[in-house]
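Single-structure report; data block below.
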C-alpha cells in the first residue's frame, strides 16, 4: 500500500531552504524591493530573517508565495 502524496507544494521544504534559495536567486536588495520588510533591507542575514519570518505569518506567506512563483518560472524556463 502506498501513501498518498501531499497536495502542499512546500511539503518537505524548510523555511531556511526557501530563504536561502531566494537570496541566491534574487539577492537581499531584490528581496527587499519585492517584499519590503526591514530584515531584508537593513543588515540582512539568514538568521535574523528566519527569526522574523517564523514569528510573522503574513511575511512568511509572502516569502513562500515568491518562492513558488520563482520555482514555477524557473522550471518552465529550464525546459
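The values are calculated or read from the model by the stated rules, or taken from the named source; none is laboratory data. What you see is a predicted model; the values in this text were computed from it and never measured. Note: ideal-geometry Cβ built from the backbone for every residue, glycine included; neighbour counts use all protein chains shown.
State all residues of the stretch 32-65 that are free of Cβ contacts under 8 Å to residues at least 24 places away in the same chain and within 18 Å of residue 10 (Cβ to Cβ); if no residue qualifies, say none.
Hits for the stretch 32-65 are 56, 57, 58, 61, 65.
Scanning the stretch 27-51 for residues that are over 13 Å from the mean Cα position of the chain (by Cα) and under 13 Å from residue 16 (Cβ atoms), which turns out surrounded by the most Cβ atoms within 10 Å (Cβ to Cβ)?
Among those that are over 13 Å from the mean Cα position of the chain (by Cα) and under 13 Å from residue 16 (Cβ atoms), it is 48.
Taking the stretch 27-58 as the region of interest, how many residues are in contact with a helix residue (DSSP H, G or I) (Cβ under 7 Å, 6 or more places away or on another chain) and within 20 Å of residue 72 (Cα to Cα)?
Qualifying residue count for the region: 3.
For the stretch 52-61, how many residues are over 12 Å from the mean Cα position of the chain (by Cα) and buried (at least 17 other Cβ atoms within 10 Å of the Cβ)?
Number of matching residues: 0.
How do the helices (runs of 4 or more DSSP H) wholly within the chain filter down when requiring 1 or more residues that are on the phi > 0 side of the Ramachandran plot and either modelled with pLDDT of 95 or more or touching a strand residue (DSSP E or B) at 6+ places or on another chain (Cβ under 8 Å) (or both): which remain?
Hits in the chain: 15-34.
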